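The values are calculated or read from the model by the stated rules, or taken from the named source; none is laboratory data. All values derive from a computational prediction rather than experimental measurement. Cβ: placed from backbone, ideal geometry, glycine included. Neighbour counts: every protein chain shown. Heavy atoms of the whole protein, side chains included, go into the accessibility calculation; ligands, DNA and RNA do not. Shrake-Rupley method; radii C 1.70, N 1.55, O 1.52, S 1.80 Å.
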Amino acid sequence: MGSMDHFSVGWLTPVLSYAMACVGAALGLRCTLRALSATGASRRNWLLTAAAAIGSGIWTMHFVAMFGFAVDGTELRYDVPLTVLSLLVAIAVVGLGVFVVGHGRHRGRSLLLGGLTTGLGVAAMHYLGMAAVRIHGELHYRFGTVALSVLIAVGAATAALWAAVTIRNVYAAAAASLVMGIAVSCMHYTGMAAVHVHMEPARTGLGGATAMQFIFPLAVGLGSFLFLTAAFVALSPTAQERAAYREAGQLAVEELAVDELGRAA
């Protein structure tokens with residue numbers, strides 16, 4: 001059995017991956033909240049943005065945490081198509097979950113169904129990402145620990161969706177995103193605790209890409225997306241602000257009409 005180290009570069013990867021999970025959760029919460037106060041195409045677009053933010057944030061958390069994963073006696077590589085597929089699965093299934101919540105008529109039922117769907121999607125992303133790992137050996141899993149990680153994922157997703165539709169205060173939403181970051185990180189490291197490795201003699205070279213080869217597209221691609229999404233959310237007026245703008249515009253029109261009547265008299 002191969003000796004594994006989940007913190008091969010110290011606390012850098014856990015802290016950085018936790019930060020990425022918090023960013024994705026915070027953006028997702030804000031976008032979902034905006035969606036619930038919108039209608040039509042605007043609601044759909046906000047929900048799509050929420051799915052992309054949460055999905056990419058969780059996937060980035062997973063991959064950054066994997067920078068600290070090492071196995072004695074073998075290098076690690078990643079199957080590129082499977083790694084990209086894990087990102088797409090995360091966004092697609094999280095999207096399904098937030099759409100269930102965003103368009104569901106019964107709040108409680110929608111939260112349970114959306115949380116279950118989203119949690120299973122997060123777990124599928126994690127284990128699909130692990131299936132992309134290439135080593136001189138085989139990865140095996142302890143069923144009980146895997147089941148626990150899936151339960152944590154479902155619980156975390158349900159709590160995130162509940163927070164998205166319940167919390168209106170910005171500070172409370174920020175606190176909820178910090179809690180969600182902890183929950184997602186716990187799911188990841190619980191899933192990693194289920195892993196054990198059976199080493200095999202190195203007969204051929206490993207295919208796939210090294211973790212370092214993912215750094216540039218990860219930093220530039222997803223980093224830019226999360227930054228632009230954060231800017232878009234910050235600059236977009238809320239429903240209350242739009243209502244205030246309309247009210248201010250109506251008052252200005254009424255004052256202008258009164259002035260015109262006064263001049264005519």
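Below are the figures for this structure:
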{"item": "Candidate set: region 119-132, residues that are hydrophobic (A, V, I, L, M, F, W, C) and open to solvent by 10 Å² or more (accessible area, probe 1.4 Å); chosen: the one farthest from Arg34 (Cα to Cα)", "result": "Ala131"}
{"item": "Filter result for Gly137 (out of contact with any strand residue (DSSP E or B) (no Cβ under 7 Å at 6 or more places or on another chain) and either touching a residue at least 24 places away in the same chain (Cβ under 8 Å) or surrounded by 18 or more Cβ atoms within 10 Å (Cβ to Cβ) (or both))", "result": "no"}
{"item": "Residues that are assigned to a loop (DSSP other than H, G, I, E, B) and at pLDDT below 80, drawn from region 9-59", "result": "Ser37, Ala38, Thr39"}
{"item": "Output for region 78-118, where each listed residue is surrounded by 18 or more Cβ atoms within 10 Å (Cβ to Cβ) and without any contact (Cβ under 8 Å) to a residue 12 or more places away in the chain", "result": "Ser110"}
{"item": "Selection count where residues are β-branched (Val, Ile, Thr), within 25 Å of Tyr189 (Cβ to Cβ) and over 12 Å from the mean Cα position of the chain (by Cα), scope region 29-78", "result": "3"}
{"item": "Odd one out for Glu138 among (1) touching a His at 6+ places or on another chain (Cβ under 7 Å); (2) modelled with pLDDT under 85", "result": "(2)"}
{"item": "Lone qualifier among Ala153, Ala183, Ala147 - being open to solvent by less than 20 Å² (accessible area, probe 1.4 Å) and free of Cβ contacts under 8 Å to residues at least 60 places away in the same chain", "result": "Ala153"}
{"item": "Matching residues, region 13-28, being over 12 Å from the mean Cα position of the chain (by Cα) and open to solvent by 20 Å² or more (accessible area, probe 1.4 Å)", "result": "Val15, Leu16"}
{"item": "Filter result for Arg77 (out of contact with any strand residue (DSSP E or B) (no Cβ under 7 Å at 6 or more places or on another chain) and basic (Lys, Arg))", "result": "no"}
